[in-house]
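Chemist: Once you've had a glance at the structure underneath, I'll fire off some questions.
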Amino acid sequence: NNLIKFIAALPKAELHLHIEGSLEPELMFELAKRNKVTLPFPDVESVKAAYNFNNLQEFLDIYYQGTNVLKTEEDFCDLAMAYFYRAHRDNVLHSEIFFDPQSHTERGIPFNVVMNGLLAAVTKAEAELGMSVQLIMCFLRHLDEESAFATLRMAEPFLDKITGVGLDSSEVGNPPSKFRHVFAEARQKGLKLVAHAGEEGDASYIKEALDILNIDRIDHGNRITEDRLLMTRAARSAIALTICPLSNQKLQVVPDLRNHPLPYLLRQGLRVTINSDDPAYFGGYVNDNYKALAEYCGLKAADFVEIARNSFLGSFLPDQTVAAYL
Ligand code: ES4
Ligand code: ZN
C-alpha cells in the first residue's frame, strides 16, 4: 500500500501509448452517437466483455473497429484530452504518443483532421496541465511501404510538430526491412525513429530494427532475452525499451506476469521503461502497469525510481530538459 502510493507519486514519462488505444468504451459510445455511427455492440458492458484476446491480431481487429467512431477534429481532440487528464492523474509529466494516420485516411478521414485535432489537444494539455507532449506517427506494417511513403508526404506540412515515426500493427511476417527506405527518408528529415519489435516476433526483428532501420528506441522488445549478444549491445548503447506489462499479459505475449522478463532486463542493465500501450483495451493506465510489476514480480521502490528515471532518459526531450527531471 505504501509502495502503491510511492508509485502514484513518482514523476514519470510515458513513451509507449497509442492514442487510439486510449479510447474508453464510454467515449466510444458518446462519439458513435454524436457521429451517427452504428457500433456492433449494444452497450458499454458488451464492448468490455469482447476485450478478451488470444494474440495481437485478435486485439488489432477490434482496435481498428473502435477507431471508426473518430470522424472530426473535435473527436481527436476529445480522445487525446481524455488521455492527458488521465495520465496527469498518474503523475505523467511528459508523454510521447503514437497515432496511426493510415487507420483514419484508409477510411476517408483526411490526414489534416487527425493532425489538427491532436495538435489542439496537445496545446491544451501543455497549457492546462503543464504536461509536455510529443507526437510519434506510426506506419501500419501490414500495409506496404508505398502507403507509408504516402503518409510521410501527407505529414510534410506538420513535420515541425512531429517528433518521430514508428512502426506498429501485425509484426510477424512484416519485418522491419520492409520499411527500410521510408525510415531512411524519415531520418533524413530529422525525425526520431522507433519500431515495435520483439513483441510477438522473435529477436531477429529487434536486430533488424536496429541494424536496418537504425531506430533510436525499441517498442516492447521483450524477446531480446533470446539473443544474449543483442542484450549486451542494448545495455552498452543504453537504448531504451518501452515495455508494456498489462498489454503483454492481455495479448498472451507473457500470459503469466510472474514470468515477465522486465526484472531480468533491468538487472542486466538495460534501459527499461514501463508504459500502458492501449490502456482502454488492456485494463490499466501507467500506474497500474507499475503496480502489476510490484504485485507479480516483487519490484521494489528503488526499482521504480530507476524505471521512472529511465523513462525520462529514454525520452526524446532535449538533454537539458531531461537533466531537469532527474
Ligand atoms: C499495438 Cl500492442 C500493439 N502492437 C502492435 N501494434 C499496435 N497498435 C496498437 N497497439
Ligand atoms: Zn504498442
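The values are calculated or read from the model by the stated rules, or taken from the named source; none is laboratory data. Bear in mind that the values here come from a model prediction, so they are computed numbers and not experimental data. Cβ coordinates were reconstructed from backbone atoms using ideal geometry, including for glycine residues, and neighbour counts include every protein chain displayed.
Chemist: Would you list the helices (runs of 4 or more DSSP H) that sit entirely within segment 1-81 and hold 2 or more residues that are within 16 Å of ligand 2 (Cβ to nearest atom) and at pLDDT 95 or above?
Modeler: Qualifying helices (runs of 4 or more DSSP H): 56-66.
Yes or no, residue by residue, for (1) free of Cβ contacts under 8 Å to residues at least 60 places away in the same chain; (2) exposed (fewer than 13 other Cβ atoms within 10 Å of the Cβ); (3) over 17 Å from Phe76 (Cβ atoms); (4) not aliphatic (A, V, I, L, M):
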site: Leu10; (1), (2), (3), (4): no, no, yes, no
site: Leu17; (1), (2), (3), (4): no, no, no, no
site: Leu23; (1), (2), (3), (4): no, no, no, no
site: Glu45; (1), (2), (3), (4): yes, yes, yes, yes
site: Lys48; (1), (2), (3), (4): yes, no, yes, yes
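Chemist: Still on this model: Could you please give the count of residues in segment 211-229 that are closer than 29 Å to Asn287 by Cα and either aliphatic (A, V, I, L, M) or touching a strand residue (DSSP E or B) at 6+ places or on another chain (Cβ under 8 Å) (or both)?
Modeler: 9
Chemist: Could you check, for segment 64-77, whether at least one of its residues is surrounded by 14 or more Cβ atoms within 10 Å (Cβ to Cβ) and closer than 20 Å to Asn275 by Cα?
Modeler: no
Chemist: Can you work out which of the residues in segment 259-287 that are assigned to a helix (DSSP H, G or I) and within 16 Å of ligand 2 (Cβ to nearest atom) is surrounded by the fewest Cβ atoms within 10 Å (Cβ to Cβ)?
Modeler: Phe282
Chemist: Looking only at residues that are more than 30 Å from Asn54 (Cβ to Cβ), crowded, with 16+ Cβ neighbours inside 10 Å and of a type outside the set (S, T, N, Q) in segment 151-174, which one is nearest to ligand 2 (Cβ to nearest atom)?
Modeler: Gly164
Chemist: Please determine, by comparing only the residues of segment 235-258 that are out of contact with any helix residue (DSSP H, G or I) (no Cβ under 6 Å at 6 or more places or on another chain) and part of a helix (DSSP H, G or I), which one is farthest from ligand 2 (Cβ to nearest atom).
Modeler: Arg236
Chemist: On the given criteria, is Ala197 crowded, with 22+ Cβ neighbours inside 10 Å and more than 24 Å from Leu118 (Cβ to Cβ)?
Modeler: The answer is yes for Ala197.
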